[in-house]
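To start, the structure itself, in structure tokens.
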Amino acid sequence: MTTLDFSALNDLSRDLALLSKAESDTVLRRSTQASAKVLRDETRRRAPVRTGKLRRNIRTANRRKGRDGTISAGVYVQGSNQSGTNSDTRMKKNDSRNAYYWRFLEKGTSKMAPRPFIDPAFEAKAEEAADAAFAVALKALDEVLMK
């Protein structure tokens, strides 16, 4: 999951303060989603492919707005539970949406060496994801302020 801190950008912070709450939430949601898409695409590119099931089940999601006003978006593998530590027990093993085995590939097992693809994708594209978020935020701000 990517966490962006907009406080360092005074101009952007001032522009967001001018907007209504709904408009600023829209701008922040669009920007965090843009950064998550960059990370999702890189994670899909690095994911091991045998059947393609794992690659198809790498998704992005907007999280609910926190009490402190933060908005976040993240990349996840469909088929894991909310905490990401186990399989989603509501899905059958053969379900095309259940790529429960991603953690075995990412972290390895006692008899299998790890083949990480999520962590390296984040390391490689973190800067580009932040740039994408800022670019989309500025564009969305311009659109909202032009109304």
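The values are calculated or read from the model by the stated rules, or taken from the named source; none is laboratory data. The model shown is predicted, which means the values in this text are computed figures rather than measured ones. All Cβ positions, glycine included, derive from the backbone under ideal geometry; neighbour counts span all protein chains shown.
The listed residues are Thr60, Thr26, Thr70, and the only one of them that is out of contact with any strand residue (DSSP E or B) (no Cβ under 6 Å at 6 or more places or on another chain), outside any loop (DSSP other than H, G, I, E, B), surrounded by 10 or more Cβ atoms within 10 Å (Cβ to Cβ) and at pLDDT 70 or above turns out to be Thr26.
For the condition farther than 19 Å from Phe122 by Cα, loosely packed, with under 15 Cβ neighbours inside 10 Å and at pLDDT 85 or above, Arg14 does not qualify. Close Cβ contacts (under 7 Å, 6 or more residues apart or on different chains) running from residues in the stretch 31-48 that are surrounded by fewer than 23 Cβ atoms within 10 Å (Cβ to Cβ) to residues that are part of a helix (DSSP H, G or I) and of a type in the set (Ser, Thr, Tyr) are absent.
Being under 15 Å from Ala129 (Cβ atoms) and either basic (Lys, Arg) or touching a Phe, Trp or Tyr at 6+ places or on another chain (Cβ under 6 Å) (or both) holds for only one residue in Arg40, Arg56, Arg63, and it is Arg40. Remark: Ser80 matches the filter, which requires a residue to be surrounded by 19 or more Cβ atoms within 10 Å (Cβ to Cβ) and at pLDDT below 80. If you scan the stretch 35-82, which residues turn out to be within 14 Å of Asp119 (Cα to Cα) and over 13 Å from the mean Cα position of the chain (by Cα)? Across the stretch 35-82, the qualifying residues are Arg45, Arg46, Ala47, Pro48. A single entry from Ala121, Ala133 fulfils the requirement of being in contact with a helix residue (DSSP H, G or I) (Cβ under 8 Å, 6 or more places away or on another chain) and either surrounded by fewer than 14 Cβ atoms within 10 Å (Cβ to Cβ) or more than 21 Å from Arg56 (Cβ to Cβ) (or both): Ala133.
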